[in-house]
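Notes for the one structure printed next.
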Amino acid sequence: MSTTPRSPSLPDAAPDDGGFDPQAVDRAILRRRAFNLRWAEQPPDVIPLTAADPDLPCPPAVRRAIVEYAAGGSFAYGPAAGLPRFRAAVADHLRDRRDTPARPDDVLATDSAASALFLVARALLAPGDEVVIFDPVDFLFAASTEAAGGVVRRVPFTRGGGLDLDRLKAAIGPRTRIIALCNPHNPFGRIMRREALEAVAALAEARDLIILSDEIWADIAYDGPCPSVAALDRATSRRTVVVGGFSKTYGLAGLRIGYIRTDDPALFARIFAASHAEKTAYGAATLSQIAAAAALRDGQPWYRAFLKHLRGVRDRLCDRLDALDGLRCPRPEATYLACPRIERADLSAEALTARLLEHARVAVVPGAARWFGPGAEGHIRLAFATARPIVDEALDRIESAWPRILSP
């Protein structure tokens, strides 16, 4: 079943919800455009709950801003560090909604949050330097470290206990340069508590380490704001590099737009020099920056309605998965990622993923080391930023096929 937006036109004045329509998913468009394990890369009868990229269209305010900017007909180079309106919008967002010290000059536009992680690693690591990361965590942390010649040190992060601080201390050695946080956590959807962030900050201060805080999921938090380590105190803020983006909250993955924030001028200068943006070799597209600034400035009614929708879908999805024999699916505190634990010794994450595809025609991501590290084994991950009928259809298929999925 395919549902489409009520109108293809862009409203002159957005309604109270900012134009958010919880049913506005056009599968025909997604099958042409949504790559990265999603609709365009799956057989026609498969529902993909795979990569964390919303099926729902982006805010109307973003589309209007793109059309207005494009109507000018000029796509000239922008400032190397980013457009003033983009840098100001990000700084205001971090300061006003995340309680994080930020001025426009502290913000560097990047061509996605993923690219920002690679840039930070390239700027701050020498070959052989070490980075402490979570286990499990998104594969980009290890990939960016290793691309810069660095060495990864993994520290357990659990759904129940969060970060193992004793193991964190033990992982730090003479070549450690960075402690990398993923807050909120991907794939478990857990938010780090202030006490844990304070412990990390104290350790970084004592060992003179940089804190890299990937906060791309910070606005998808269901029970109150996600605290940022950069908001703790002035000293911690100066040694913290915050990475963020617009793919998760506003559906702008294809526009490739993110940012780096650091209020230490020397640290900013090192990262900016490593970006080569001043040489015009790299940098974020001006059109993408216009879209992101509009999302922050004018897309908040849409965002609030989107978050409310996600909360309802989360509850429905997790409750139904949790009721299945052999699965335990706690509700995530943040993100739109459900990460059920498999409670059958005879069923690996890879095997369950394959059986879900074969018998239910639903694609998910296995908790495999290649995606998240060894700590993800025994889990699968489902992304649920889509219309409720699509989630219901996927769940109906899974429930119907579950006896066959569990059979040898």
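Can you tell me which residues in the stretch 226-260 are hydrophobic (A, V, I, L, M, F, W, C), assigned to a loop (DSSP other than H, G, I, E, B) and surrounded by fewer than 23 Cβ atoms within 10 Å (Cβ to Cβ)?
Answer for the stretch 226-260, where residues must be hydrophobic (A, V, I, L, M, F, W, C), assigned to a loop (DSSP other than H, G, I, E, B) and surrounded by fewer than 23 Cβ atoms within 10 Å (Cβ to Cβ): Cys226, Leu232.
Regarding Asp223, is this residue outside the structural domain of Ile380 (by TED's automatic domain parsing), surrounded by 18 or more Cβ atoms within 10 Å (Cβ to Cβ) and in contact (Cβ under 8 Å) with a residue 40 or more places away in the chain?
No, not satisfied.
What residue, among those in the stretch 154-165 that are buried (at least 21 other Cβ atoms within 10 Å of the Cβ) and of a type outside the set (Phe, Trp, Tyr), is nearest to Trp371 (Cα to Cα)?
Across the stretch 154-165, the extreme among qualifying residues is Val155.
Filter the stretch 63-92 down to the residues that are of a type in the set (Ser, Thr, Tyr) and assigned to a loop (DSSP other than H, G, I, E, B) and list them by number.
The answer is Ser74, Tyr77.
What number goes with the only condition from (1) more than 21 Å from Glu215 (Cα to Cα); (2) assigned to a strand (DSSP E or B); (3) not acidic (Asp, Glu) that Ala345 does not pass?
(2)
Per-residue answers, yes or no, for (1) farther than 22 Å from Asp138 by Cβ; (2) modelled with pLDDT of 95 or more; (3) in contact with a Lys or Arg (Cβ under 7 Å, 6 or more places away or on another chain); (4) not basic (Lys, Arg):
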residue	(1), (2), (3), (4)
Arg314	no, yes, yes, no
Cys318	no, yes, yes, yes
Leu321	no, yes, no, yes
Arg341	no, yes, yes, no
Ala349	no, yes, no, yes
Leu352	no, yes, no, yes
His359	yes, yes, yes, yes
Pro366	no, yes, no, yes
Gly373	no, yes, yes, yes
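When the stretch 372-408 is examined, which residues are found to be among the aliphatic types (A, V, I, L, M) and assigned to a helix (DSSP H, G or I)?
Once the filter is applied, which keeps residues that are among the aliphatic types (A, V, I, L, M) and assigned to a helix (DSSP H, G or I), the stretch 372-408 yields Ala376, Ile390, Val391, Ala394, Leu395, Ile398, Ala401, Ile405, Leu406.
List the pairs whose first member sits in the stretch 302-327 and is within 21 Å of Leu252 (Cα to Cα), whose second member is hydroxyl-bearing (Ser, Thr, Tyr) and assigned to a helix (DSSP H, G or I), and whose Cβ atoms are under 9 Å apart, counting only residues at least 6 apart or on separate chains?
Hits for this filter: Trp302/Tyr250; Tyr303/Thr249; Tyr303/Tyr250; Phe306/Thr249; Phe306/Tyr250; Leu307/Thr249.
Return the total of residues in the stretch 166-198 being outside any loop (DSSP other than H, G, I, E, B) and buried (at least 16 other Cβ atoms within 10 Å of the Cβ).
11
Just the residues that are touching a strand residue (DSSP E or B) at 6+ places or on another chain (Cβ under 6 Å) and either in contact (Cβ under 8 Å) with a residue 60 or more places away in the chain or in the same structural domain as Ala334 (by TED's automatic domain parsing) (or both), please, taken from the stretch 162-189.
Pro184, Pro187, Gly189
The values are calculated or read from the model by the stated rules, or taken from the named source; none is laboratory data. Keep in mind it's a predicted model, so treat the numbers as computed, not measured. Counting neighbours? That spans all protein chains shown, and the Cβs are built from the backbone with ideal geometry, glycine included.
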